[in-house]
1. Provide the convex hull volume over Cα atoms per residue for the stretch 167-234, in Å³.
2. For Lys179, give me every one of the lysines with a C-alpha distance below 26 angstrom, ignoring sequence neighbours fewer than eight places off in its own chain.
3. Hey, rough spin-label estimate for Ser200 and Glu739, points 7 angstrom out along Cα→Cβ, what's it come to in nanometres?
4. Going by average Cβ neighbours within 10 Å, how do the peptides 837-846, 268-277 rank, with the highest at the top?
5. If packing is taken as the average number of other Cβ atoms within 10 Å across a peptide's residues, how do 127-136, 426-435, 549-558 rank, most packed first?
6. In Å and from the alpha-carbon atoms only, list the Rg and Dmax of the stretch 347-491.
7. I want to verify the translational diffusion coefficient of the stretch 745-785 in µm²/s; compute it with Stokes-Einstein, Rh as the Kirkwood radius over Cα pairs, at 20 °C and 1.002 mPa s.
8. Tell me, what % of the accessible area of the stretch 662-746 is carbon and sulfur with a 1.4 angstrom probe?
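The values are calculated or read from the model by the stated rules, or taken from the named source; none is laboratory data. Values in this document were obtained by computation on a predicted structure and should not be read as measured data. Every residue, glycine among them, receives a Cβ derived from its backbone with ideal geometry; neighbour counts consider all protein chains shown. Quick note on the areas: whole protein, heavy atoms, side chains included, nothing else; ligands and nucleic acids left out. Shrake-Rupley method; radii C 1.70, N 1.55, O 1.52, S 1.80 Å.
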Amino acid sequence: MDRDFTGAHKFSRFIARWPNKFLQRYHSVPTTVPKMDWTGCCKTMQDPQSRETFLSESDSEPRKRQGKRSRTLVAVLSVLLTLGILAAVAGILYWYFAGRTSEDARGSQEDAVRIYSGHLTLTDMQYRSALEDPSSKDFQTLSQKLEEVVNSSCQNIPNLSPYFVKSRVYDYSDGTHMKAYYFVKFRIPPEDKAVLSQFSEDALTQPLHENIVGMGRLRSLPVGITSVSSSLANPDLVITPEERVCYHNLRAKDIPTRFTSPGFGGAGYPNNVHCQWVLRADRGHVLYLEFLDFNTDDDCGNDFVMVHDSLSPAEDDVITKKCGKRPSSHHLSILSSGSVMLVTLLTDDKLRYGGFSATFKQLLKMGECGQTLTTLSGKFTTPYYPSFYPPNIDCQWTIQVPIHLKIRIKFDMFRMEEPGARQGNCTKDYMEIEGQRYCGDHSLISLQLNSHEVRILFHSDESHTDKGFMGVFSAFSPSDPCPNEFTCRSGMCVASDLRCDGWNDCGDLSDEMKCNCGADQLTCDNGLCKPKLWFCDRKNDCGDHSDEKECACAVNQWKCADGLCIANDKACDGHLDCADGSDEAVCTGDNAICTDFNFRCADGTCVHRANAECDGQTDCADGSDENSCVPQCGTQPYKQNRIVGGMSADVGEWPWQISLHFKVMGHTCGASVISAEWLVSASHCFLDGYNDASSWLAYGGFNFQGEPTAQVRKISLIVRHPRYNEDTFDYDVALLRLEQPFDLRPKLQPICLPDTSHTFPSGKSCWVTGWGAMYEGGSASVSLQKAEVKIINQTVCRDVTQGELTSRMLCSGYLAGAIDACQGDSGGPLSCQEKGKWFLAGIVSWGEGCARKNKPGVYSRVTKLREWIREQTGL
Ligand code: ARG
């Protein structure tokens, strides 16, 4: 996209260098809970009243959790034994079917099973904590009675009743209402497969409600039932009291109580566990849960932690499902809507990880949510921000400013991701302003309203919550909307010194219209002013091509790749005349010399073509120009189906970008992936005190700091360039070897290393990326930022850096300032594209301040460090 018209130039950045406390932001892991589909034999069908466990007779769980199931099986075998040989046969049958995929998935001949889970709201009974103990008389008496009611209602549901197996009431809680939690199980034989579609989310709730609540108070029942909820549940999560192996019933205090997953701080969590923590708060309170450490498998299909806003593990009540490793600087904190929460850890039989430590406490339930705001400016946030907002809540804010003013609102942070919810329709969690709904993830929402009063609604449904938002509002006067600032045509305000600086800050170019161009600027035909340096740089900076119009060299001149003209006879004369060597790189014939700008094949022959390596065309007889590069390097396999826009990088757009975290400080430096086990970064990131490899972690394949889907690796070796000079930043390069190679995936790919002969001509547009400071001494970016920067002529750069430039350095950016790398970007890539492939042209190294006029960013010049990289890594 052309720079002039995007309006998106300021490379946002942050002070990540040394402690980095920023907006915590997580990316919700896509969490489609697998629909239940395990099958079983049918012993209990004959005995629906049996109190035996749900899972014992149907453990033919088809997927990888057989280990857990088999343990469950062992736990209940004693019960089965008492039921005689018949049960043993059933067990054998179970084992026979255990490795099979479900009937749903493969169309096998097994029964399909559906489990619904939910709660009954009870009245007319004093809550007793004995109800939380399944071995108590209170629990057993009441559960048996309630089960009878649920069983008989299920037997009355016309379409479903033939498949009904049984129900279990397995727990109770107190809160605004007293609740009993239950499961109901149905089994559908293969010949009736067609009815499976009737087992929908709502199929049970309505009839159950009508049968139970509509029946009125039963004489046999010591309680009233005022409502029934139910939703399909993942059978992996359905556990009866008899099956509880790793189970904790915990009561919250006003101060935090800590709990950890088994093996935390030691060998890590065991394989095949199903652990549950039931958290309970007093009436009138909600629960606040915070994970301090969190380390599980990257793949939620293997191990995960799930938090429910209920004691029922129903899909409707999931607050969040998480896996992966979280940096300790980014805690995950979650709120419940009521007085209970269920935390579940499920692991498979593969790798073990550290697990989690968490604390929980109770907080008084928020009475009112939202308020009327009548100040001239202020803030409003989702409840408990920046913790996850609670499920099931509605808030309303009304902003009122004096009648002659209008309202402007900005959201710098807006996260309401919900699996299955589509941006655009916003039917689950959303914010609504003037009839327009917002949901999903936005890095910035900025609104100018044409009124002095506005209502903002926030709605969260019962499942899946996120960080929410912080809105900042201010009143403005329509007659002087931007006091002391420039008012864009759109009504937006930008700092006055951004006017006529060559940058489209307003987004509609209005800050660049009607300018008197300065001495260091050129005047475009359309009246815009642009830095002189952009003249003839082969980029349409004016937007009307006027800055690129009269750039051709005279007839007797040769045009260097950087746009400069030299006498025709100087090209291919065996001498380098163009600063970038382009006059000698493409010569054939007798005069053709092999310059530093020609690729030399492994057999010593010279390729007379510029930038011949890794371009998909074989030039060397031995193929060494193509096979010298890491396969697939410099490609963006994930990005191809995405839309790029704005300053935040798109997912998978810079798959070689790495965030290096130092100890507990979080992001500290950038780096680039050059192979599955090697990274390149800057030497100055690893000065004394920072040179212990075990103090660093490399995060890759992600955009948002704290995103749990990032791949994390330990560093086993840091190799700094032996000639790195701390005073001059010469040879500012370091190589990092990973303890375990990265899994190269579409979002994590190596960048191509340019050959020593590769030229990046001045004027060429490249991209710098990182999580660095947003402006000099400024605030952070949690999301990966990108900025387009141009390679600057070495001589010009030597001038503006007062001779501090060495040949191991290159400048990129703009003499006009405004776009640059900054603190925290160090070590990160300067990526340049060549024939569709991305090459590492530079490593973010230094600069005077950030984005200052005539002070472009200085990068380590990779072509000059290429040989050393090869020697150290073999790449
Ligand atoms: N040295 C800085 C760091 O450690 C990077 C500076 C880059 N500065 C610039 N203006 N381009 O993060």
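1. Details: hull volume 8.6 nm³, N = 68.
That works out to 126 Å³ per residue.
2. Lys35, Lys137, Lys145, Lys166, Lys253, Lys321, Lys361, Lys365, Lys428
3. 5.1
4. Values: 837-846: 26.5, 268-277: 19.9.
Going by the mean number of other Cβ atoms within 10 Å, highest first, we get 837-846, 268-277.
5. Values: 127-136: 14.9, 426-435: 17.1, 549-558: 11.9.
Packing order, densest peptide first, comes out as 426-435, 127-136, 549-558.
6. For the stretch 347-491, the Cα-based Rg and Dmax read 18.5, 68 Å.
7. Values: Rh = 13.5 Å.
For these conditions, the coefficient is 158 µm²/s.
8. Numbers: 1490 of 3150 Å².
Carbon-and-sulfur percentage of accessible area, whole number: 47.
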